[in-house]
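What follows is calculated from the coordinates using simple rules that are stated; it is not laboratory data. Because the structure is a prediction, the values reported are computed rather than measured. Virtual Cβ from ideal backbone geometry, glycine too; neighbours counted across all protein chains shown.
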Amino acid sequence: MDGPRIILVADGSRPSGCRVRRSGRLRRTGPLKRVGALRRTGGPTRRTPLLRAPVSRASDAQRAKVLGRRCLVCGARPVDPAHLVSRALGGCDQPDCVVALCRIHHRAFDRGALDLLPRLEPDHRRELAHAVEHLGLVGALRRVTGRRWRAGERAEAA
């Protein structure tokens, strides 16, 4: 690299070998040295507020189904009606489309971090069958387990 190197410092410090003139400009007085990595002080400012997409509520029949039940994972109360097939993926308002999960496990399931398959078998086969109707077998396995399944793959022994 020939010629002077330009060093940008975002935290307000000056590169070594430079001093500030009265005008506020930097003047080179010696060889430039690397001060450190660039640091981000802040990202771009959003001019419009970030709004959350409206969430369609569970139907009255779905709410009635989970009323008085305990979370499938931890047994806590109160519970939310958690859609096995989200509405964005084609879920419906039928009671078979939801299971009872506490708020913590509901959010983990929606993130794909919770495997519900061991907890749904054999007591909730009706809900699993309903999910298979919407997504097919492989799609329902992907949604319920939170992992990628390929045709012909076998479940690992737990």
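Here are the numbers:
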quantity: Backbone N within segment 72-112 under 19 Å of label point (7 Å from Arg148 Cα along the Cβ vector); calculated: 111-112
quantity: Cleavage-rule hits (trypsin sites (Lys or Arg not before Pro)) in segment 59-158: DSSP loop, at most 13 neighbouring Cβ within 10 angstrom; calculated: Arg147, Arg148, Arg150, Arg154
quantity: Inverse mean reciprocal Cα-Cα distance (Kirkwood Rh) of segment 75-119, Å; calculated: 10.9
